[in-house]
């Protein structure tokens, strides 16, 4: 079809049409153009489109590397290279994007990369999470700030929480935090330690705010050290005991402790003050003497004080000059200034009382004087002499020598009684007089608070006293006799005399009582003899001669093999062959030389005929046998045949036999076996009795089982032995009251078939 034109409309077959209206506007695909040049639908331009203004109703499509140019000389270009998209400003001015809020998002608009907000902040995101935000004072980083180069903030770095981390590099080197131009100082961690390094000028670590602390610390029991990089140490804070150590040339010189400080070496101070005391300790085993005060070349004068003691009013109470003067008086205190020893003269005299002093009358001797007289002296051998200027010739080394006034010597001890109207009385006194060579021991007791005599030594005798009247109650005479409750002996040949008190009717002449309320071991009476004839004891006799004795025996070598206590009857004296004896042996047994231990008068053995409930006077009341032990019972069959073996560890029964009554208990386990007829039976330790009637001699024992195959109607299991039998057979009582034999064939030998036996019976 050929072109057709009518009314300014050009229609081309298959392509639409182009029109121009009276205003001159041209329309493509429309007869009503809305602009000077109006395209309805898509338009494609090959080459450069130059226009003052283009209004698009739909879209303009540019191919790869097709560019949209803006400005004279194509200063601004927008295009796609086939791989990337570009907005390129090739001119000399700036590229402006004007909007109240600009956001950069991914292609599908699901994630925001950046936001630019009018009159507010710029926000940078990672995976829709804000990481950097600008503020009116700077920028806020959420998370870790990682920099490969140097960060130079003009106004500092502020963290609202979080951390700044400088991590170790993979090659083992460290990241540094540098300070100063050219990295004059650095802070870093090299993987094994933390360092602060300054390469120029001085290094200061301080607190720029008043009343704030500077703290250096280590965790737990770690130490805090101040030292050179060469290892020379100055200060060490010890975490294990919370002490502080100061060093010189790596040698400790001062250390704090829980009680103060320890100084190793010489402490030099312009002033030393203490609210308690100053303690200086020398080193044990060395020549160190403790505190040493020396003069220097400018202080070796009489007036310069080496030691001064003052009161609260700063008045001198004691002072020692560097020349050795004490309170301006010459002494030998420090006569030799170069010798580390304190010297004293002959005496130390009480100020204002010159006849009271401590003296050193000779080598290794100290004396104490009052009122011009010597009262106490300590000698080189340790003797302490009181009341004399020379010790007694009989006093040995290390003893106390007290001398009186020529006629008596009194030693008083204990707390006095100041409320006593007759004067102050001591609690205890020892008085020695040369009259009769008497020594009395007295103490205060009773309501009168006076001294009363207890013990006296006079004329070779020793007397004991009691009561307010100091009554004599016992005496050791000069002959070695002991007299109780009397002042004289009845018989001059008696070594020991006891006189019954004159009053009363029930008093004994002598009572020996061992009070065991305060201990578990006490002897009421002890009789000993040192002679090696072994026998010692206590004899009994009448006016007609020897009756018997209680004696003890011990081996002369000190052994225990033949220790015994013996009760003798008859003989002429202790340990005669004609006596009858009871011997209590060292093993606890009682041995009777002839006869039995008889409780009554009849029979041999232990006779209980007079005991309550017994058959008085009958032989059956005599206990003539006792035995206990264990045995392994033999298991057989009453009908014969078969073998049965017990377990090696569960194979014994216990028994106790008292007289003819036998009690057995325990259990056994049949481990293996086979065959046999009749009833299963086991041996008894003793055969049953006979002769008392068949039923009276029968033995019936209780039997308990575990994992044994019993008759399904069995209600009880028992063992029975007839008169004079050495075996007990096992029987089952069934629910109808009858009993049947337990056959060996029912055994399963499963290592769990226990038979428990308990009961008593009469033995033959």
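The values are calculated or read from the model by the stated rules, or taken from the named source; none is laboratory data. Since the model is a prediction, treat every value here as computed from it, not as a measurement. Cβ coordinates were reconstructed from backbone atoms using ideal geometry, including for glycine residues, and neighbour counts include every protein chain displayed.
Brief remarks on what is shown
- Taking region 704-764 and the strands (runs of 3 or more DSSP E) fully enclosed by it, the elements with 1 or more residues that are under 21 Å from residue 666 (Cβ atoms) are at 714-721, 727-734, 754-762.
- Every residue from region 630-677 that is over 56 Å from the mean Cα position of the chain (by Cα), assigned to a strand (DSSP E or B) and within 17 Å of residue 721 (Cβ to Cβ): 635, 636, 637, 661
Table: residues versus (1) surrounded by 10 or more Cβ atoms within 10 Å (Cβ to Cβ); (2) at pLDDT below 85; (3) in a loop (DSSP other than H, G, I, E, B).
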position: 174; (1), (2), (3): yes, yes, yes
position: 182; (1), (2), (3): no, yes, yes
position: 209; (1), (2), (3): no, no, yes
position: 265; (1), (2), (3): yes, yes, yes
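- Some residue of region 255-266 being within 41 Å of the chain's Cα centre (by Cα) and over 30 Å from residue 307 (Cα atoms): no
- Residue in region 27-43 that is modelled with pLDDT under 70 and either in a loop (DSSP other than H, G, I, E, B) or farther than 27 Å from residue 107 by Cβ (or both) present: no
Okay, residues lined up against (1) in the same structural domain as residue 652 (by TED's automatic domain parsing); (2) surrounded by fewer than 18 Cβ atoms within 10 Å (Cβ to Cβ); (3) touching a residue at least 24 places away in the same chain (Cβ under 8 Å):
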position	(1), (2), (3)
679	yes, no, yes
695	yes, yes, no
704	yes, yes, yes
711	yes, yes, yes
729	yes, no, yes
736	yes, yes, no
742	yes, no, yes
746	yes, yes, yes
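Per-residue answers, yes or no, for (1) at positive phi; (2) under 60 Å from the mean Cα position of the chain (by Cα):
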position	(1), (2)
68	no, no
109	yes, no
112	no, no
127	yes, yes
133	no, yes
